1. For the range 146-176, name all the residues that are farther than 26 Å from Phe251 by Cβ and among the polar types (S, T, N, Q).
2. Only one of (1) closer than 21 Å to Ser268 by Cα; (2) touching a helix residue (DSSP H, G or I) at 6+ places or on another chain (Cβ under 9 Å); (3) surrounded by fewer than 18 Cβ atoms within 10 Å (Cβ to Cβ) fails for Ile191. Which number is that?
3. Got a number for residues in the range 251-279 being under 18 Å from Trp9 (Cβ atoms) and acidic (Asp, Glu)?
4. Within the range 194-204, which residues are crowded, with 23+ Cβ neighbours inside 10 Å and of a type in the set (A, V, I, L, M)?
5. Please specify each residue of the range 104-132 satisfying the condition of being touching an Asp or Glu at 6+ places or on another chain (Cβ under 9 Å) and modelled with pLDDT of 95 or more.
6. Scan (1) of a type in the set (Val, Ile, Thr); (2) at pLDDT 95 or above; (3) not in a strand (DSSP E or B) for the single condition Thr228 breaks and write down its number.
7. Out of the residues in the range 182-207 that are of a type in the set (S, T, N, Q) and out of contact with any Gly (no Cβ under 9 Å at 6 or more places or on another chain), which is farthest from Ala151 (Cα to Cα)?
8. Looking only at the range 191-216, count every residue that is free of Cβ contacts under 8 Å to residues at least 40 places away in the same chain and in a helix (DSSP H, G or I) and tell me the total.
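The values are calculated or read from the model by the stated rules, or taken from the named source; none is laboratory data. In this text the structure is predicted, and so the values were computed from the model without any measurement. When we count neighbours, we look across all protein chains shown, and the Cβ atoms used for this are built from the backbone with ideal geometry, even at glycine.
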Amino acid sequence: MAAQRPPEWLRVKLGKLEHSRQTAQRLARHGVSTVCSNARCPNIGECYGGGTATFLIMGEVCTRDCAFCAVRHGAPQPLDPAEPQRVAEAAADLGLTHVVVTSVTRDDLPDGGAAHFVATVGAIRQALPHATIEVLTPDFGGAPEPTALVARAAPDVLNHNLETVRRLQRSIRPQASYETSLDVLRRFREIAPTAATKSGLMLGLGETEEEVLEAMADLRRVGCDLLTLGQYLRPTPRHTAIDRYVHPDEFERLRARAEAMGFIHCASGPFVRSSYDAATAAQVVASLRAEVRG
């Protein structure tokens, strides 16, 4: 049976309202989109209030229609060649030290938009040479060349979400696959061994704890360094229903298991999302590598 009433621990943090408005105004001034607003992220008040955001490139319309995602589905517009520069200028305007860029899935493009990711990484590097960069990519239809193109751009963190356990893939993300996502992460690791690789899972979709642990083990087998675990929240009535609300104690238990498996960092909690507090994970990786070099 689907979960009904949200528990008390699912209280959204509003953040600093004036700072949130200022962040939204700055983003609008540069004409950039964020996944924070398009995907109805519950952390938008907290992140905007802290003067940060996750950029959404390649439009606001996705060619896929996953059962969990609030981003619009349909026929997207052509790519805007000026978008990478606008994203870089917006990141500089916000004074970001860690810049996260994601995208809609663009199955209509021959390279899935990989070259657009590369252009965006390059523009950010020019505008903010001391910032770290994280990209959260689609699976590029499983084609190896686009994955390699993004990896060779050498962002500091290469992120691709597994989203859910093996058994639930067909119902939750019917146009993707568990093995394809693992292959993307494996290629990221092989081509960019100095970058951190990252993935995330949503909980509360009907998975068992054993299935979550299996997915975590599969991610470690392909060299995944960073992990996010969060509560699935149904964006609209047409999306997949919530099976259950996962207690914070369970999230904490899974975080400890993840670290025992060898993940460098695991953000685990009801409101955790792919880019939630992403700078902290990047800093942990950088610190560990600095120790190794030293």
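1. Result: Thr147, Gln175.
2. With respect to (1) closer than 21 Å to Ser268 by Cα; (2) touching a helix residue (DSSP H, G or I) at 6+ places or on another chain (Cβ under 9 Å); (3) surrounded by fewer than 18 Cβ atoms within 10 Å (Cβ to Cβ), Ile191 is out only on (1).
3. 2
4. Ala196, Leu201, Met202, Leu203
5. Scanning the range 104-132 gives Val104, Thr105, Asp111, Gly112, Ala114, His116, Ala119, Thr120, Ala123, Ala127.
6. (3)
7. Selected residue: Ser199.
8. Counting residues in the range 191-216 that are free of Cβ contacts under 8 Å to residues at least 40 places away in the same chain and in a helix (DSSP H, G or I) gives 1.
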